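Single-structure report; data block below.
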């Protein structure tokens, strides 16, 4: 597996220290003051999404564990000298910088409640992740192909909005994270592309299975021990965070549909030759699936507009931003 095409050696990689105030510098406090000034205009809804993205990145142990649950590709010893094990460890090493740099940035900004955030991270790692992979590498690599593109889109939009709000250092930081995610996406989609070449029926069934289940986002078990009780029975921290992300355009239902379109084209689903009727049915399902998601997005938008006209816009308080309230759309 030519995985080194998609990874960078540590000496060629950016590190959080490249992007944050230098604590050994005599100008450290001035650098922190500049960071705080740049972050001062970030609105509360943006901070909620940035924290949610950071918490998701910090739950990296769950994702490495997910890859190592697969019988065919896991790292048997923790330091196995085979291509799959090398990929998992080096991918994890690259991803590890993302949570680090976002965590340190938010800590230095003074804009968020770090105790609440740290408690959330501990709870999320403890609760784990269940994307319904059934110990099946086909399902796993379809899932990771989708998720890496989703995180690339999310961090890219976070960078765009940071620039809009005048925080250029944060825009650079999140843009670099998005670039890493783009390389990782290319690797996972290449792996699935090879599966389609070697086992088109099996790959087709796996792709359709993951789409029918729905892609579970990595932080779907997120919990701060406060949000759901404080905001009422209808509240769920992950759902509310995802709703804010959709409302400000960081990651939307239409983005979800666009990822499906992209993967369908990337793997040439329309032109693949399959043998079994079950695989042909899965192929037909996949060709129409993004349309179903876009109809759902339209219905969601209509409901939001209707609620706004009726003055029924819901808000939620988030412990991550000192229990301040933000609009949910």
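The values are calculated or read from the model by the stated rules, or taken from the named source; none is laboratory data. Every value quoted in this text rests on a predicted model; they were computed, and no experiment measured them. Methodologically, a virtual Cβ is constructed for each residue, glycine included, from the backbone with ideal geometry; neighbour enumeration extends over all protein chains shown.
All of (1) touching a residue at least 60 places away in the same chain (Cβ under 8 Å); (2) out of contact with any strand residue (DSSP E or B) (no Cβ under 8 Å at 6 or more places or on another chain); (3) buried (at least 17 other Cβ atoms within 10 Å of the Cβ); (4) not in a loop (DSSP other than H, G, I, E, B) hold for residue 131 with one exception: (4). Against the conditions (1) modelled with pLDDT under 95; (2) surrounded by 19 or more Cβ atoms within 10 Å (Cβ to Cβ), residue 310 satisfies every one except (2). Do you know which of the residues in the stretch 107-123 that are touching a helix residue (DSSP H, G or I) at 6+ places or on another chain (Cβ under 6 Å) and assigned to a helix (DSSP H, G or I) is surrounded by the most Cβ atoms within 10 Å (Cβ to Cβ)? So, considering only residues that are touching a helix residue (DSSP H, G or I) at 6+ places or on another chain (Cβ under 6 Å) and assigned to a helix (DSSP H, G or I), the one surrounded by the most Cβ atoms within 10 Å (Cβ to Cβ) is 120. Here is the figure for the stretch 255-286: residues that are surrounded by 12 or more Cβ atoms within 10 Å (Cβ to Cβ), in contact with a helix residue (DSSP H, G or I) (Cβ under 7 Å, 6 or more places away or on another chain) and outside any loop (DSSP other than H, G, I, E, B) total 17. Only one of the numbered conditions (1) assigned to a helix (DSSP H, G or I); (2) touching a residue at least 24 places away in the same chain (Cβ under 8 Å); (3) under 14 Å from the mean Cα position of the chain (by Cα) is violated by residue 156, and that is (2).
Checking the stated criteria, residue 212 turns out to be part of a helix (DSSP H, G or I), more than 12 Å from the chain's Cα centre (by Cα) and in contact (Cβ under 8 Å) with a residue 60 or more places away in the chain. Residues that are part of a loop (DSSP other than H, G, I, E, B) and surrounded by fewer than 24 Cβ atoms within 10 Å (Cβ to Cβ) were ranked within the stretch 163-180; the one that is farthest from the chain's Cα centre (by Cα) is 166. Counted as qualifying within the stretch 1-94 are the helices (runs of 4 or more DSSP H) with 1 or more residues that are in contact with a strand residue (DSSP E or B) (Cβ under 7 Å, 6 or more places away or on another chain) and either surrounded by 13 or more Cβ atoms within 10 Å (Cβ to Cβ) or on the phi < 0 side of the Ramachandran plot (or both), namely 44-58. Of everything in the stretch 144-153 that is surrounded by fewer than 23 Cβ atoms within 10 Å (Cβ to Cβ) and touching a residue at least 60 places away in the same chain (Cβ under 8 Å), the residue that is farthest from residue 69 (Cα to Cα) is 153. Scanning the stretch 235-254 for residues that are in contact (Cβ under 8 Å) with a residue 24 or more places away in the chain, outside any helix (DSSP H, G or I) and surrounded by fewer than 18 Cβ atoms within 10 Å (Cβ to Cβ) yields a total of 2.
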